[in-house]
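Reviewing the structure listed below.
All of the numbers you see were taken from the coordinates with simple rules; none came from a lab. Since we're looking at a predicted model, the values are computed, not measured. When we count neighbours, we look across all protein chains shown, and the Cβ atoms used for this are built from the backbone with ideal geometry, even at glycine.
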Amino acid sequence: MSRRHEGRYALIKKIDHVAIDVESIDELIPFYRDKLGLSVGGSMEAGAARMVYIPVNGVNVILTQLKEREAGKAAEGLYQISLEVDDLAAAIKEYARKGLIAAETEPRAAPGGQVAYLDQAKTHGIRIQLIQRT
C-alpha cells in the first residue's frame, strides 16, 4: 500500500526500529525501565551482538551490545534506523535509481523479514536499513 507525498508515492511505511549501540545493556536497562517507565520487550543474541528490545508505541528501540568492539569504534550512539517498506524489491530498485543503494542490491534474510541497506556514504553517515516484514 503506497502513500502519496508531494506528488510521488512514498515507499517508506513506518519506522520499524532504532538501534542504539551501547557499552553495557545491563547498565542501561534500569534507565529505560525505572527512569523512563518503559518495559523490556525481549532480548536475543545474533552473531556478534546481544540485543534488548524496548517497545515504544509500535516502534522498537533496540539496545545493541557488541561482544567485541572494533578498535576506534565509538562505544555508544545511534547504530541504525530501520525503515519498513511494503515491497523491498521495488524500494531497492527506486533507491538504486536515485544512487542510494550500495553494492548489495539483493534483499537478504534477517529476523522477521528481508533487509537491504542504503549506502552510508550517501546518507550522511547514518546507517539506514530497509526491511520488509514477513
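For GLU68, indicate whether it is over 16 Å from the mean Cα position of the chain (by Cα), in a helix (DSSP H, G or I) and surrounded by fewer than 17 Cβ atoms within 10 Å (Cβ to Cβ).
no
Does ILE29 count as within 20 Å of LYS13 (Cα to Cα) and either surrounded by 14 or more Cβ atoms within 10 Å (Cβ to Cβ) or hydrophobic (A, V, I, L, M, F, W, C) (or both)?
Answer is no for this residue.
Do we have any residue at all in the range 104-118 that's of a type in the set (A, V, I, L, M, F, W, C), free of Cβ contacts under 8 Å to residues at least 40 places away in the same chain and within 15 Å of LYS13 (Cβ to Cβ)?
Yes: the range 104-118 contains one or more residues that are of a type in the set (A, V, I, L, M, F, W, C), free of Cβ contacts under 8 Å to residues at least 40 places away in the same chain and within 15 Å of LYS13 (Cβ to Cβ).
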